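Undergrad: Quick one: this structure, given as structure tokens, is what I'll be asking you about.
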Amino acid sequence: MSQGKEIQLSDHFSFGRLLRFTAPTITMMVFLSIYGVVDGLMVSNFVGKTPFAALNIIWPYVAILSAFGFMFSTGGSALVAKLLGEQKKAKAQSVFTMLLIAAAATGFILGIFGLLTMRKMAILMGAEGELVELCCIYARILMLTLPVYLLQIFFQAFMVTAERPKLGLWITVAAGITNMVLDVVFIGVFRWGLVGAALATALGEAVGAFGPLIYFLTQEHNTNAPLRLVKPSIDLSSLWQTASNGLSELVMNLSLSLVSMLYTRQLLTKVGENGVIAYGEIMYFAFAFMAVFIGFGMGSAPAISYHFGAGNKQELHSLVTKSIVIVTSCGILISLLAQIMASPLSKILVGYDEELFNYATRAFRIYALCYLFCGLNCAASAFFTALNNGPVSALISLLRTIVLEAGCVIVIPMLFGIEAIWCSVTVAEVITTIVSIFLFFKLKPKYGY
């Protein structure tokens, strides 16, 4: 391979090449999380504690509806990459086009549903009076633009499958800069409050969605492109396979949002606004740390799917071994970094309130222990999705979120007090790690990795 040429899915992946191939996707996911932090920073410091609490209360519901975008994105890219590995390029492109249309249509339907139910959901979450109205102000705009958000999510994985991860990164950077600049203008200058925050987010999503769409439209006559838009055909079998492959990511994102709602309700009723704000801060930065694992999983999955489809078991074994080493090392480094950065990061968001700052810092450090274990679980889930084994991948995701984390959020505070709620994720991740290791060895003879 010549210097400077895009890394191809069919290549052999050394440690260096695997890191270079996944680096754009990791950077993309980290950047996405950073501009989410800017949203919170601007609202918290320029609009106030109560609007910031409202944003944190209603966002998990937006995330629940957008979870279907991850199903199309990861499940579809796993199938399409496998078809490319099997040298079925025409079918891969047809399936890609069909899934793009399906993702947009799903976003439209879910957006309407969200508009009709957002007020009831805010009340269900424990919001009252002014908080309910603020939740609806923020959510209304994001529900209207939900189809655009689903397309942005959809293209994040498919830019890697199209062997253009760097272009995907630059589009995401452009989307993030758009969001951050407009946050400053709409909230800091125009003083539009939550409306400004939602508009900035929606316009950033538009850049992230239409940028890749324009790229794929320009590839219409490029027969050498791995992926391009073609005349779609209705392929229910491929749609079902996509849903099965993406079941894990759908379950994971649904579960994380439901667990967030459970956290929020527990903290709102037992601690008050400070508890919700502290959790919101942890989640902003938790996604930044978790983005490393999620980005690596998204970035490496198409290569795994390709070599699985090509029947290259030696390369599959190499990819698995290298992935485990990378995510384990990253888990140790990220956990240490989170402990060191807990105080300065809390200062950025809630430094204006000393009591809230101390509470958030303490909670942040306890919660951060989970990063030692969650990397392997994210990698395991992404790995089985890449092998087109959605049920096993979903089992890992379901276990670490709804079954264990949600259970711990309910049970641990009952046994040890509300302060112990911050240990819930770590307990869930430890148990899931044991299960993930068991599944790795249990299914090794089947796939030959």
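The values are calculated or read from the model by the stated rules, or taken from the named source; none is laboratory data. Please read all numbers here as calculations on a predicted model, not as lab measurements. In this analysis, Cβ positions are derived from the backbone assuming ideal geometry, glycine residues included, and neighbour counts consider all displayed protein chains. Areas reflect the complete protein model, heavy atoms only, side chains present, ligands, DNA and RNA absent. Shrake-Rupley method; radii C 1.70, N 1.55, O 1.52, S 1.80 Å.
Undergrad: Taking the conditions exactly as written (assigned to a helix (DSSP H, G or I), among the hydroxyl-bearing types (Ser, Thr, Tyr), at pLDDT below 80 and open to solvent by less than 20 Å² (accessible area, probe 1.4 Å)), does residue 300 satisfy them or not?
TA: Details: assigned to a helix (DSSP H, G or I): yes; among the hydroxyl-bearing types (Ser, Thr, Tyr): yes; at pLDDT below 80: no; open to solvent by less than 20 Å² (accessible area, probe 1.4 Å): yes.
So residue 300 fails the test.
Undergrad: Which of the residues that make up segment 406-433 are among the hydrophobic types (A, V, I, L, M, F, W, C) and under 15 Å from residue 375 (Cβ atoms)? Steps first, answer last, please.
TA: Restricting attention to segment 406-433, the residues satisfying the condition of being among the hydrophobic types (A, V, I, L, M, F, W, C) are 406, 408-412, 414-416, 418, 420-423, 425, 427-428, 430-431.
Selection gives 425, 428, 430.
Undergrad: Please determine, by comparing only the residues of segment 83-97 that are outside any helix (DSSP H, G or I) and under 16 Å from residue 224 (Cα atoms), which one is most open to solvent (accessible area, probe 1.4 Å).
TA: First, the residues of segment 83-97 that are outside any helix (DSSP H, G or I): 86-88.
Filter again for under 16 Å from residue 224 (Cα atoms), leaving 87-88.
On the way: 87: 136, 88: 98 Å².
Across segment 83-97, the extreme among qualifying residues is 87.
Undergrad: With open to solvent by 30 Å² or more (accessible area, probe 1.4 Å), assigned to a helix (DSSP H, G or I), free of Cβ contacts under 8 Å to residues at least 40 places away in the same chain and closer than 23 Å to residue 249 by Cβ as the only criterion, which of 101, 109 stands out? If you could, list the steps in order and put the result at the bottom.
TA: On the way: 101 fails: free of Cβ contacts under 8 Å to residues at least 40 places away in the same chain.
Step by step, each of 101, 109 is checked, and only 109 is open to solvent by 30 Å² or more (accessible area, probe 1.4 Å), assigned to a helix (DSSP H, G or I), free of Cβ contacts under 8 Å to residues at least 40 places away in the same chain and closer than 23 Å to residue 249 by Cβ.
Undergrad: If you take the residues in segment 198-236 that are at pLDDT 95 or above and open to solvent by 60 Å² or more (accessible area, probe 1.4 Å), which one is farthest from residue 387 (Cα to Cα)?
TA: Once the filter is applied, the top-ranked residue is 203.
Undergrad: Can you pull out the residues in segment 16-31 that are over 18 Å from the mean Cα position of the chain (by Cα) and either open to solvent by less than 20 Å² (accessible area, probe 1.4 Å) or within 24 Å of residue 261 (Cβ to Cβ) (or both)? Walk me through it before giving the result.
TA: Start the filter on segment 16-31 by keeping residues that are over 18 Å from the mean Cα position of the chain (by Cα), which leaves 16-21.
Once the filter is applied, which keeps residues that are over 18 Å from the mean Cα position of the chain (by Cα) and either open to solvent by less than 20 Å² (accessible area, probe 1.4 Å) or within 24 Å of residue 261 (Cβ to Cβ) (or both), segment 16-31 yields 18, 21.
Undergrad: If I filter segment 275-291 for residues that are at pLDDT 85 or above, part of a helix (DSSP H, G or I), farther than 22 Å from residue 85 by Cβ and open to solvent by 20 Å² or more (accessible area, probe 1.4 Å), do I get at least one hit?
TA: So far as segment 275-291 goes, yes, one or more of its residues are at pLDDT 85 or above, part of a helix (DSSP H, G or I), farther than 22 Å from residue 85 by Cβ and open to solvent by 20 Å² or more (accessible area, probe 1.4 Å).
Per-residue answers, yes or no, for (1) crowded, with 24+ Cβ neighbours inside 10 Å; (2) among the acidic types (Asp, Glu); (3) farther than 30 Å from residue 402 by Cβ; (4) touching a strand residue (DSSP E or B) at 6+ places or on another chain (Cβ under 7 Å):
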{"site": "14", "(1), (2), (3), (4)": "no, no, yes, no"}
{"site": "33", "(1), (2), (3), (4)": "no, no, no, no"}
{"site": "48", "(1), (2), (3), (4)": "no, no, yes, no"}
{"site": "51", "(1), (2), (3), (4)": "no, no, no, no"}
{"site": "58", "(1), (2), (3), (4)": "yes, no, no, no"}
{"site": "63", "(1), (2), (3), (4)": "no, no, no, no"}
{"site": "69", "(1), (2), (3), (4)": "yes, no, no, no"}
{"site": "74", "(1), (2), (3), (4)": "yes, no, no, no"}
{"site": "81", "(1), (2), (3), (4)": "yes, no, no, no"}
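Undergrad: For the structure I just gave you, tell me whether residue 195 is open to solvent by 30 Å² or more (accessible area, probe 1.4 Å), modelled with pLDDT of 95 or more, of a type in the set (A, V, I, L, M, F, W, C) and in a helix (DSSP H, G or I). Before the answer, list the steps.
TA: Values: open to solvent by 30 Å² or more (accessible area, probe 1.4 Å): yes; modelled with pLDDT of 95 or more: yes; of a type in the set (A, V, I, L, M, F, W, C): yes; in a helix (DSSP H, G or I): yes.
When the stated conditions are applied, residue 195 passes them.
Undergrad: Give just the number: which of (1) assigned to a helix (DSSP H, G or I); (2) touching a Lys or Arg at 6+ places or on another chain (Cβ under 8 Å); (3) not β-branched (Val, Ile, Thr) does residue 131 not satisfy?
TA: Just one mismatch for residue 131, condition (2).
Undergrad: Of everything in segment 343-361, what is assigned to a helix (DSSP H, G or I), touching a residue at least 60 places away in the same chain (Cβ under 8 Å) and open to solvent by 10 Å² or more (accessible area, probe 1.4 Å)? Give them in sequence order. Before the answer, list the steps.
TA: If we filter segment 343-361 for residues that are assigned to a helix (DSSP H, G or I), which is where we start, we get 343-350, 354-361.
Then drop every residue that is not touching a residue at least 60 places away in the same chain (Cβ under 8 Å), which leaves 345-346, 348-350, 355-356, 359-360.
Matches in segment 343-361: 345, 348, 355, 359.
Undergrad: Quick one: which residue in 50, 74 is more than 20 Å from residue 251 (Cβ to Cβ) and assigned to a helix (DSSP H, G or I)? Reasoning before the result, please.
TA: Details: 74 fails: more than 20 Å from residue 251 (Cβ to Cβ).
Of the residues listed, the single one that is more than 20 Å from residue 251 (Cβ to Cβ) and assigned to a helix (DSSP H, G or I) is 50.
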